[in-house]
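Data block below; observations after.
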Amino acid sequence: MLEADIVRRMVAALNKLPNVFCFRTHGGSFQMKGTPDVLGVAHGRFFAIEAKRTARDKPSPAQLYVLKRISRSGGKTFVSHDPTAKEVISWISTLPES
C-alpha cells in the first residue's frame, strides 16, 4: 500500500469523527519542505500528522523540524505507522478540548 493511500484512508476516517476537520497536503515546489501529510482541527485544537508506511520509515529532518515547530507553538503532532488509521483515531480521541 502506498503512503498516499494510507493518508487518504486516514483523512476519510478522521473527517467522520465529530468535531474533527482535516485535509491532506500535497508536496511540491510551492509547499514548504517538511509540511506534514495531514493538517486539521480536532475539538478546537490544531493538529498535524506525518504518515509513514511502516515503523521502519522515519520522518525526514525537515519533517521533524516542522513537527517540532508546530508542537512548540501549541499544536499537537503525531507520526503514524498504521495503514488502518486506528492509531490516529485513538490518538485524536485523547486530545483535550480547547
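The values are calculated or read from the model by the stated rules, or taken from the named source; none is laboratory data. Remember, it's a predicted structure, so these values are computed and weren't measured experimentally. With ideal geometry, Cβ positions are generated from the backbone for all residues, glycine too; neighbour counts draw on all protein chains shown. Heads up: the accessible areas ignore ligands, DNA and RNA and are worked out on the full protein's heavy atoms, side chains in. Shrake-Rupley method; radii C 1.70, N 1.55, O 1.52, S 1.80 Å.
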Check: Sorted by accessible area (1.4 Å probe), largest first, how do Asp82, Asp5 line up?
Finding: Asp5, Asp82
Margin query: Quick check for you: with a 1.4 Å probe and neighbouring chains kept, what is the accessible area per residue of the chain, in Å²?
Written below: 61
Check: Of all the accessible heavy-atom surface of region 12-52, with the other protein chains kept in place and a 1.4 Å probe, what percent is carbon and sulfur?
Finding: 62
Notebook entry, point to check: Charges only on Cβ, +1 for Lys and Arg, -1 for Asp and Glu: so what's the dipole of the chain about the Cα centre, in debye to the nearest 20?
Noted result: 180
Notebook entry, point to check: Taking the radius of gyration and the Kirkwood hydrodynamic radius from Cα positions alone, what is the Rg/Rh ratio for the chain, to two decimal places?
Noted result: 0.93
Check: Can you list the residues, at least 5 places off or on another chain, whose amide H is less than 5 Å from the amide H of Phe46, using H built in the peptide plane?
Finding: Lys76
Next item on the list: Determine ³J(HN,Hα), in whole Hz, for all residues of region 21-33 in sequence, where each value follows from phi through the Karplus function 6.51 cos²θ - 1.76 cosθ + 1.60 and θ = phi - 60°; x replaces Gly and Pro.
Entry: 9, 8, 8, 8, 9, 10, x, x, 5, 9, 10, 4, 4
Margin query: For Lys86, give me every one of the aspartates and glutamates with a C-alpha distance below 15 angstrom, ignoring sequence neighbours fewer than eight places off in its own chain.
Written below: Asp5, Glu50
